[in-house]
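**Student:** Encoded as structure tokens, here's the structure I'll be asking about.
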Amino acid sequence: MQIPLLDQDHPQFPDPRGALTEPDGLLAVGGNLQPQTLFNAYRSAIFPWYQHDDPILWWSPATRCVLPPSQLHCSKSLRKTLRRNDYQITVNHAFSDVIRACSEPRDDHGGTWITEEMIAAYTQLHLRGKAHSLEVWLDSELIGGLYGVGVGSIFCGESMFSRRANASKIAMAHLCRWGLDCGLQLIDCQLANPHLASLGALSIERSAFLAELSLWRDKAFNWPLPSAAEQPTKLKFNW
């Protein structure tokens, strides 16, 4: 099956239900990473994922990993860390630092899919109020965080990082807890992995995710979240 080649200036995404089964979810190639292109992709259950020197590849896998905020699972060790509350949280306070931390190589080969082109694209989306970050601080040190794209009442997570034990899980826990208070309906985690599964993420069929996206993508969800200050702050939740 031939993969559609998107126009570089005016890309039009095909129906995500037509994505390949092998490799799973590959939908299209080409186009661009302009803010509106990216946002249109997320509104259609599509995201970019490719390696350095590859063309832009667009994906919509048959099975989607998601985390409803109400289904967050806190292990005993994570709950203990949350109750200790010796960290600070901010939202949209250090987007550039978070995405660059997420782009740091995590394997022996030094590879990363978050290229300079990707960093520039999501930074532009952030400046337009569509991409967001949540930061975890210990004193003045950034120890963890996550970033993603807000599509109505769905948060499409892109990546997270930890420089201390459980730091990315702290970020996800606060996103879920804020979400419960503010109307966040679903966190799109894209692809399943053991780290996400340990937090309660589950896999649903593409058709189910498309239905959720259609239901919530036009429902407003305001960022930054309530309780998130410009300066790092301690938050007291009953964990």
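The values are calculated or read from the model by the stated rules, or taken from the named source; none is laboratory data. Bear in mind the structure is a predicted one, so any value in this text is a computation, not a measurement. Heads up, the Cβs are rebuilt from the backbone with ideal geometry, glycines too, and the neighbour counts pull from every protein chain shown. The protein model used for the area step is the full one, side chains on, heavy atoms only, and it has no ligands, DNA or RNA in it. Shrake-Rupley method; radii C 1.70, N 1.55, O 1.52, S 1.80 Å.
**Student:** Looking for something at positive phi and among the small types (Gly, Ala, Ser) - is there at least one such residue anywhere in region 45-60?
**Tutor:** Yes: region 45-60 contains one or more residues that are at positive phi and among the small types (Gly, Ala, Ser).
**Student:** May I pose another question? Could you please find all residues in region 65-76 being open to solvent by 60 Å² or more (accessible area, probe 1.4 Å) and hydroxyl-bearing (Ser, Thr, Tyr)? Write out each step before concluding.
**Tutor:** Within region 65-76, the first condition is being open to solvent by 60 Å² or more (accessible area, probe 1.4 Å), and the residues that meet it are 70-71, 73, 76.
Residue satisfying the conditions is Ser70 alone.
**Student:** Looking at region 44-67 only, could you name the residues that are aromatic (Phe, Trp, Tyr), more than 15 Å from the chain's Cα centre (by Cα) and part of a loop (DSSP other than H, G, I, E, B)?
**Tutor:** Taking region 44-67 first, the residues aromatic (Phe, Trp, Tyr) are 47, 49-50, 58-59.
Filter once more, so that each one left must be more than 15 Å from the chain's Cα centre (by Cα): 50, 58.
Within region 44-67, Tyr50 is the sole residue that qualifies.
**Student:** Just to verify a result, which residue in region 1-43, among those that are charged (D, E, K, R) and within 22 Å of Leu127 (Cα to Cα), is farthest from the chain's Cα centre (by Cα)? Talk me through it step by step, then tell me what you get.
**Tutor:** Taking region 1-43 as the starting set, the residues that turn out to be charged (D, E, K, R) are 7, 9, 15, 17, 22, 24, 43.
Checking which are within 22 Å of Leu127 (Cα to Cα) leaves us with 9, 43.
Values: Asp9: 26, Arg43: 13 Å.
That would be Asp9.
**Student:** Search region 169-195 for residues that are within 16 Å of Asn85 (Cβ to Cβ) and part of a helix (DSSP H, G or I) and pair each with any residue that is at pLDDT below 90 and open to solvent by less than 50 Å² (accessible area, probe 1.4 Å) when their beta-carbon atoms are under 6 Å apart and the residues are at least 6 apart or on different chains.
**Tutor:** Arg177/Phe237; Trp178/Leu225
**Student:** Right, another one. Look through region 25-64, keep the residues that are surrounded by fewer than 14 Cβ atoms within 10 Å (Cβ to Cβ) and closer than 24 Å to Asn193 by Cβ, and return whichever of them is modelled with the highest pLDDT. Don't jump to the end; show me each part of the working.
**Tutor:** Kept after step one, since they are surrounded by fewer than 14 Cβ atoms within 10 Å (Cβ to Cβ), are these residues of region 25-64: 36, 51-55.
Filter once more, keeping what is closer than 24 Å to Asn193 by Cβ: 51-52, 54.
Numbers: Gln51: 87, His52: 82, Asp54: 91.
The extreme case among them is Asp54.
**Student:** Looking at Ser60, Ser77, can you tell me which residue is over 23 Å from Tyr147 (Cα atoms) and of a type in the set (Gly, Ala, Ser)?
**Tutor:** Values: Ser60 fails: over 23 Å from Tyr147 (Cα atoms).
Exactly one of Ser60, Ser77 is over 23 Å from Tyr147 (Cα atoms) and of a type in the set (Gly, Ala, Ser), namely Ser77.
**Student:** Those residues that are of a type outside the set (D, E, K, R), touching a residue at least 24 places away in the same chain (Cβ under 8 Å) and more than 17 Å from Gln190 (Cα to Cα), I need them from region 1-18; list them, please.
**Tutor:** Kept after step one, since they are of a type outside the set (D, E, K, R), are these residues of region 1-18: 1-6, 8, 10-14, 16, 18.
Restricting the remaining residues to those that are touching a residue at least 24 places away in the same chain (Cβ under 8 Å) gives 3-6, 8, 11, 13, 16.
Result: Ile3, Pro4, Leu5, Leu6, Gln8, Pro11, Phe13.
**Student:** Take the conditions polar (S, T, N, Q) and either closer than 15 Å to Ala208 by Cα or touching a residue at least 40 places away in the same chain (Cβ under 8 Å) (or both) and apply them to Thr21. Does it pass?
**Tutor:** Details: polar (S, T, N, Q): yes; either closer than 15 Å to Ala208 by Cα or touching a residue at least 40 places away in the same chain (Cβ under 8 Å) (or both): yes.
Yes; evaluated as a whole, the condition is true for this residue.
**Student:** Within region 151-164, take every residue that is closer than 22 Å to Phe209 by Cβ and open to solvent by 10 Å² or more (accessible area, probe 1.4 Å) and give me the one that is nearest to the chain's Cα centre (by Cα).
**Tutor:** Applying the first criterion (closer than 22 Å to Phe209 by Cβ) to region 151-164 yields 151-160.
If we keep only those that are open to solvent by 10 Å² or more (accessible area, probe 1.4 Å) too, we end up with 152, 157-160.
Numbers: Gly152: 14, Gly157: 1, Glu158: 3, Ser159: 5, Met160: 8 Å.
That would be Gly157.
**Student:** Take Leu142 and decide whether it is of a type in the set (A, V, I, L, M, F, W, C), at pLDDT 95 or above and part of a strand (DSSP E or B).
**Tutor:** yes
**Student:** Looking only at residues that are open to solvent by less than 60 Å² (accessible area, probe 1.4 Å), assigned to a loop (DSSP other than H, G, I, E, B) and not aliphatic (A, V, I, L, M) in region 87-112, which one is modelled with the lowest pLDDT?
**Tutor:** Checked region 87-112; the qualifying residue modelled with the lowest pLDDT is Gly110.
**Student:** Return the residues of region 1-24 that are open to solvent by 70 Å² or more (accessible area, probe 1.4 Å) and aliphatic (A, V, I, L, M); say none if nothing qualifies. Break it down into steps so the answer makes sense when it comes.
**Tutor:** Of all residues in region 1-24, those open to solvent by 70 Å² or more (accessible area, probe 1.4 Å) come to 1-2, 5, 7-10, 12, 15, 17, 21-22, 24.
Hits for region 1-24 are Met1, Leu5.
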